[in-house]
Structure formats: C-alpha cells, structure tokens
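Trainee: The structure's right below; bear with me while I get my questions together.
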Amino acid sequence: MVKPLPLPLNCVVGGYQIVRRLAEGGFGTVYLVVDPKGKQYALKEYLPASLVHRQVGQLTPQVRAGKSALYQLGMKSFFEEGRALAQVHHPSVVQVQNFFQENGTVYMVMDYLHGNTLQDFILTARGLKKRYVFREATIHAIFDDLLSGLRFVHQKKMLHLDLKPSNVFITEDDKPVLIDFGAAREVINKDGSFVRPMYTPGFAAPEMYDKLGSLGPWTDIYAIGACIFSCMTGYPPQDAIKRKENDNLITALAKLKSEYSTPMRQLVAWCLSLDYMERPQSVHLVQKHLMSGSTPAHINQKNSTQPIR
C-alpha cells in the first residue's frame, strides 16, 4: 500500500508553516512548523495510511473506498486526544499547545523538543557493543521523572498504551519527556467503551492482545518494565505471547547480576508479570520502590523458573 504523501513544504495549515517532515507512523505524520512569529513547534497530522491516500499537490487526504466510517471514528478520537492532552501540564509530558480541524483532517500542535529519544541512546550503545546501556543510577534518574509524568497522566484518567523507548524523549538538558500519545485514550468514557490501540511487541502487555483484556495503569506499568529492561540489555524483552510459551525473563535478568542490584532486577520482573493482577497496580508504587531500592516481600514469581537474587 502506497503511503499518503506528506504536506508540501512551506504550505500553511492553521497558521503554521511546514518546514520539514520529522517522522511518520501508521496513523500520522509529524512536521516541524513555525508560527507567524517564527516560533518552532511539532505539528502532528492525523493521516492513517490504511484509510487515506494523498497525491502530489493535495492538502486534503482522500479517504479510501469503504473506509469513511473508520476514518471519522479515528479522527474524532484524535481530536479528543488533543483536547485531553492540552489539559495535561507536566514537565515530563510533551505539552499540546493547540489542536484544530482543517483539510478534512485534524492537527495537534506540540512543543518542539531538542535532543534524542531513549531509543537513540539504546541503539548507539548496541552499535558500540556495550555490555549495558545505562548505569543503575542513571536509570533511577530517568525513570523517576518519567514515572512522575505518567502518574500525572493516569490521574487525568488517561493511559498512554504505547510506551516504548522511541516514545521517550531525552532533552538536551537531560530531562525525559513522554511523547507521541497516538494511542492515548480516556480510560472511562460515558458509554464505558474506548478504541483499543495497536501494540508494539516486547512492550505490549499480554492483555493488549486480548479483545476482552482489562486495560489499566498496570498495562502502562508493564511497558515501563520493558523500557527499563531495554535500558539494561539494549533489547526489549520477549514478546508477551512467546513468554507464555517459554519465558526466559528471569534467566535474562540473572545475567545482569554483576551490573544491576537485586532490587532493580526484581522490580523489572514485578512490572513484567504476565498476570496483570500480580503487577504493581499504580505508578506511585513503582516509583516508591525504584527510588527506595527495596522490593516488597509479596512479589509473586510463579512465572519464574528461579528466584532473582
């Protein structure tokens, strides 16, 4: 399937001039833009590749045959995301400054951040064949701030549902920021339903593979555990489905004994419990034990082949 073309350079949407394309994914394209005063922002356009196409010189996406209802549903959800995220003000969550409809689609205007993603650091370490990516003290610092931001998001009755290193931005002053809430949804709508997002293998909790799975803060907490694991090893953990068949998590964590403390490795295993009821049920609990360097005695390791010591 041919991906829809991005907006032409220098065109103006909503008063913002397109400078260049920054990134693209399955549901949208992100551009660097400037406002009339010359201030830079990141502009995210709702542009689902499976539902629309766009030719050279066009601004308005053309909806594919039979996809109109899905497109409208997704656009409504995207707009509501912008509305909700604009109310989230936290230094560890990217700030949405504006959102609007134009050209038959929806746009979200966010702060433009300078730095690199957590994934960039992981890939660099992997390329250098480093034994580990970050020291334990660095992981503490990154994830304490990150968990504060995620805790704030959860307090707003939202989930991220696509937490992974490429969606964590490290600014030039070493501050972690949650970005790309393309999967964020209100947990409880008036009718009790919400759109289930796509998942990223390795970071997606088991319940995300189940249409009837119970999503909640524990789902993002699984992804946090996977992100910390990646910061240790340079690679994501096994996909949740494969772990159900032959789980090698405890063996992988045991190999990190000389680099990372027992409480740190226990915390990762706890967050990555396959049964969501056996995970920490709140971000506050994860943050508490991350920073204290302790692990609750009641951690259930029934999925483990051996205890972590």
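Trainee: For residue 76 and residue 275, compute 0.36 nm times the residue count separating them, minus their Cα-Cα distance, and round to one decimal in nm.
Mentor: Result for the pair: 68.4 nm of gain on full extension.
Trainee: Rounding to the nearest 20 debye, state how big the charge dipole of the range 13-111 is about its Cα centre with +1 on each Lys and Arg Cβ and -1 on each Asp and Glu Cβ.
Mentor: For this selection, approximately 180 debye.
Trainee: Now a separate question. Would you compute, from DSSP H runs of 4+ residues alone, the mean residue ellipticity of the chain at 222 nm, taking -39500 (n - 2.57) per run and dividing by the full residue count, rounded to the nearest 500?
Mentor: -10000 deg cm²/dmol
Trainee: Nothing charged except the Cβ atoms of Lys and Arg (+1) and of Asp and Glu (-1): what's the magnitude of the dipole of the range 121-176 about its Cα centre? Round to the nearest 20 debye.
Mentor: For the range 121-176, the charge dipole is close to 300 debye.
Trainee: I've got another one for you. Under the definition of Cα pairs under 8 Å and six or more residues apart, what whole-number percent is the relative contact order of the range 115-292?
Mentor: Values: 258 pairs, mean separation 45.3, N = 178.
The normalised contact order for the range 115-292 reaches 25 percent.
Trainee: Tell me, in nm to one decimal, what length is gained between residue 69 and residue 56 on full extension, where the rule is 0.36 nm per residue of separation less the Cα-Cα distance?
Mentor: That pair, residue 69 and residue 56, stretches by 2.2 nm at full extension.
Trainee: Rank these for me by crowding, 291, 108, 264, 75, going from fewest to most other beta carbons within 10 Å.
Mentor: 291, 75, 264, 108
Trainee: Express the Stokes-Einstein translational diffusion coefficient of the range 193-266 in µm² s⁻¹, to the nearest whole number, given a Kirkwood radius over alpha-carbon pairs, 4 °C and a viscosity of 1.567 mPa s.
Mentor: Answer, rounded: 98 µm²/s.
Trainee: OK, next. Can you say what percent of the DSSP beta bridges in the chain, counting only those with both residues inside, are antiparallel? Round to 5. Mind showing how you got there, number by number?
Mentor: Numbers: 36 of 37 bridges.
Close to 95 percent.
Trainee: Separate question: Between residue 116 and residue 39, how high is the FRET efficiency from 1/(1 + (r/R0)^6) when r is the Cβ-Cβ distance and R₀ = 22 Å? Nearest 0.05.
Mentor: 0.50
Trainee: Here's something else I'd like to know. Based on alpha-carbon centroids, what's the gap between the range 111-138 and the range 144-177 in Å, whole number please?
Mentor: With the range 111-138 and the range 144-177 each reduced to a Cα centre, they are spaced 16 Å.
Trainee: Can you give the Kirkwood hydrodynamic radius for the range 115-292, in Å, rounded to one decimal and based on Cα pairs?
Mentor: 16.4
Trainee: Report the gain in length on full extension from residue 124 to residue 2: 0.36 nm times residue separation, minus Cα-Cα distance, nm rounded to one decimal.
Mentor: 40.8 nm
Trainee: Against the longest alpha carbon principal axis of the chain, how many degrees, from 0 to 90 and to the nearest 10, is the axis of helix 217-233 turned?
Mentor: Taking the Cα atoms of the chain, the angle to 217-233 is about 70 degrees.
Trainee: How charged is the neighbourhood of residue 99? Take every other residue with its Cβ under 13 Å from the Cβ of residue 99, and add Lys/Arg as +1 and Asp/Glu as -1.
Mentor: -1
Trainee: At 7 Å along the Cα-to-beta-carbon direction for both residue 209 and residue 254, put a label point, then send me their distance in nm to one decimal.
Mentor: Inter-label distance under the simple model: 2.4 nm.
Trainee: Which order results if 271, 227, 11 are arranged by neighbouring Cβ count within 10 Å, fewest first?
Mentor: So the residues, fewest neighbours to most, are 11, 271, 227.
Trainee: So I have [x] 1.04; [y] 0.98; [z] 1.09, and one of them is Cα Rg over 2.2 N^0.38 Å calculated from this model. Which one is it?
Mentor: [x]
Trainee: For the range 215-268 and the range 10-28, compute the distance between their C-alpha centroids and round to whole Å.
Mentor: Centre-to-centre (Cα) distance: 36 Å.
Trainee: Restricting attention to the range 66-112, which trypsin sites (Lys or Arg not before Pro) occupy a DSSP loop and are surrounded by at most 14 other Cβ atoms within 10 Å? Mind dumping the intermediate values first?
Mentor: Details: sites: 67, 76, 83; in loops: 67.
Those that pass, being in a loop and sparsely packed, are 67.
Trainee: Rounded, prolate or oblate: which fits the range 117-175, taking a ≥ b ≥ c as square roots of the Cα gyration tensor eigenvalues, rounded meaning a/c under 1.5, else prolate when a/b beats b/c?
Mentor: It is prolate, given that a/c is not under 1.5 and a/b is the larger ratio.
Trainee: Sticking with this one: If you place +1 on the Cβ of every Lys and Arg and -1 on the Cβ of every Asp and Glu, how big does the dipole about the Cα centre of the range 97-148 come out, in debye to the nearest 20?
Mentor: 520
Trainee: From the P(r) of the range 1-133, could you give the percentage of C-alpha pairs in the tail past 27 Å?
Mentor: 28
Trainee: Compute the helix-to-body angle for 283-292: its Cα long axis versus the longest principal axis of the chain, expressed 0 to 90° and rounded to tens.
Mentor: The helix 283-292 is inclined about 50 degrees to the chain.
Trainee: Moving to a separate point now. Compute the acute angle (0 to 90°) between the alpha-carbon long axis of helix 136-155 and the principal axis of greatest extent of the alpha-carbon atoms of the chain; round to the nearest 10°.
Mentor: Roughly 60 degrees between the two axes.
Bear in mind that the values in this text are calculations on the coordinates, not laboratory data. All figures in this text were calculated on a predicted structure; none of them were measured in a lab. Don't worry about glycine lacking a Cβ; one is built from the backbone with ideal geometry, like all the others, and counts go over all protein chains shown.
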